[in-house]
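Trainee: Please read through the structure below; I'll follow up with questions.
The values are calculated or read from the model by the stated rules, or taken from the named source; none is laboratory data. Owing to the predicted nature of the structure, the values given are computational and were not obtained by experimental measurement. Cβ coordinates were reconstructed from backbone atoms using ideal geometry, including for glycine residues, and neighbour counts include every protein chain displayed.
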Amino acid sequence: MNHSEKIKELIEAFLILPGVGRKTAERFVFHLLKTPPEKINRLSLALQHFNSQNFFCPNCHNLNDTATLCPICQNVNRDHQTICVVADIQDLFALESAHEFHGIYHVLGGVIDLTEGITPELLRGQELLKKIQNNNIKEIIFALNPDLAGESTILYLRNLLKNLPVKLSRLARGLPMGGDIEYADEITLTNAIQGRQEIK
């Protein structure tokens, strides 16, 4: 079907979202055509605000409303000597929803994937190293997906941190091989955190 240029432009904009193909993007656009203008304006303003106020915590790199520390890093009741290392912010949110982990986080910004051009230098491994060296960190928990990229990243980080006096552990195998932390249910995540294993 030949759409107008404005419709094509909007369809292309929706295609940047993960899991959204052309048919789904078209469905979104046609839904918006039937949506009252005030609701579209609300969506537009929210996107503009998100784009202009996209802050990250300077300590853990969690998404934050301000350029200061996020609520997790500011919370004095959390265990600041235990760091849970995650690949992305979505994994942080998933683990927080389980309400089992009470330490702080370190968002790597991805995992090593040479086929995608993601090398160790593009991750925040060196920042993690400095964080451990400059603070009294007792344990690092690797909460990465149990797949080849996750395992490669854990191996890299383990070698990077091997000379530091810090306990290294990983989530228990409550997570299936090849699974995504982001989509795991709360009970699975709770069991994985409680049954974490030390890496030797």
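Trainee: Would you check which residues across the stretch 132-154 are at pLDDT below 95 and either of a type outside the set (A, V, I, L, M) or out of contact with any strand residue (DSSP E or B) (no Cβ under 9 Å at 6 or more places or on another chain) (or both) and list them?
Mentor: Those that are at pLDDT below 95 and either of a type outside the set (A, V, I, L, M) or out of contact with any strand residue (DSSP E or B) (no Cβ under 9 Å at 6 or more places or on another chain) (or both): 133, 134, 135, 136, 145, 146, 147, 150, 151, 152.
Trainee: Restricting attention to the stretch 83-90, does a residue exist that is surrounded by fewer than 12 Cβ atoms within 10 Å (Cβ to Cβ), more than 23 Å from residue 136 (Cα to Cα), in contact with a helix residue (DSSP H, G or I) (Cβ under 9 Å, 6 or more places away or on another chain) and at pLDDT 90 or above? Before the answer, list the steps.
Mentor: Of the residues in the stretch 83-90, the ones surrounded by fewer than 12 Cβ atoms within 10 Å (Cβ to Cβ) are none.
No, the stretch 83-90 contains no residue that is surrounded by fewer than 12 Cβ atoms within 10 Å (Cβ to Cβ), more than 23 Å from residue 136 (Cα to Cα), in contact with a helix residue (DSSP H, G or I) (Cβ under 9 Å, 6 or more places away or on another chain) and at pLDDT 90 or above.
Trainee: Another question, if that's okay. Take residue 119 and decide whether it is surrounded by fewer than 16 Cβ atoms within 10 Å (Cβ to Cβ), at pLDDT 85 or above and either under 17 Å from the mean Cα position of the chain (by Cα) or over 24 Å from residue 80 (Cα atoms) (or both).
Mentor: yes
Trainee: Additional query: Pick from the stretch 135-167 the residues that are touching a residue at least 12 places away in the same chain (Cβ under 8 Å), under 19 Å from the mean Cα position of the chain (by Cα) and farther than 16 Å from residue 107 by Cα: which of them is surrounded by the most Cβ atoms within 10 Å (Cβ to Cβ)?
Mentor: Checking each candidate, the answer is 146.
Trainee: Return yes when residue 17 is free of Cβ contacts under 8 Å to residues at least 60 places away in the same chain and either over 25 Å from the mean Cα position of the chain (by Cα) or in the same structural domain as residue 100 (by TED's automatic domain parsing) (or both) and no when it is not.
Mentor: no
Trainee: Looking only at residues in the stretch 1-11 that are out of contact with any His (no Cβ under 8 Å at 6 or more places or on another chain) and surrounded by 12 or more Cβ atoms within 10 Å (Cβ to Cβ), which one is farthest from residue 39 (Cα to Cα)?
Mentor: 3
Trainee: Going through the stretch 96-119 one residue at a time, which ones are of a type outside the set (Gly, Ala, Ser), under 21 Å from residue 152 (Cβ atoms) and touching a residue at least 40 places away in the same chain (Cβ under 8 Å)?
Mentor: 105, 106, 107, 108, 111, 112, listed by residue number.
Trainee: Can we say residue 99 is in a loop (DSSP other than H, G, I, E, B) and modelled with pLDDT of 90 or more? Please lay out each step first, then the result.
Mentor: Details: in a loop (DSSP other than H, G, I, E, B): yes; modelled with pLDDT of 90 or more: yes.
Yes: the conditions hold for residue 99.
Trainee: Sticking with this one: Within the stretch 15-63, restricting attention to residues that are closer than 30 Å to residue 124 by Cβ and assigned to a helix (DSSP H, G or I), which residue is modelled with the lowest pLDDT? First the steps, then the outcome.
Mentor: Applying the first criterion (closer than 30 Å to residue 124 by Cβ) to the stretch 15-63 yields 15-20, 46-63.
Right, trim to assigned to a helix (DSSP H, G or I) and you get 46-52.
Numbers: 46: 81, 47: 79, 48: 79, 49: 73, 50: 69, 51: 67, 52: 61.
Here the answer is 52.
Trainee: Do we find a residue being aliphatic (A, V, I, L, M), under 19 Å from residue 172 (Cα atoms) and touching a residue at least 24 places away in the same chain (Cβ under 8 Å) anywhere in the stretch 74-85?
Mentor: Scanning the stretch 74-85, I find at least one residue that is aliphatic (A, V, I, L, M), under 19 Å from residue 172 (Cα atoms) and touching a residue at least 24 places away in the same chain (Cβ under 8 Å), so the answer is yes.
Trainee: Any idea which of 139, 100, 96, 186 is over 18 Å from residue 79 (Cα atoms) and among the acidic types (Asp, Glu)?
Mentor: Answer to the selection: 186.
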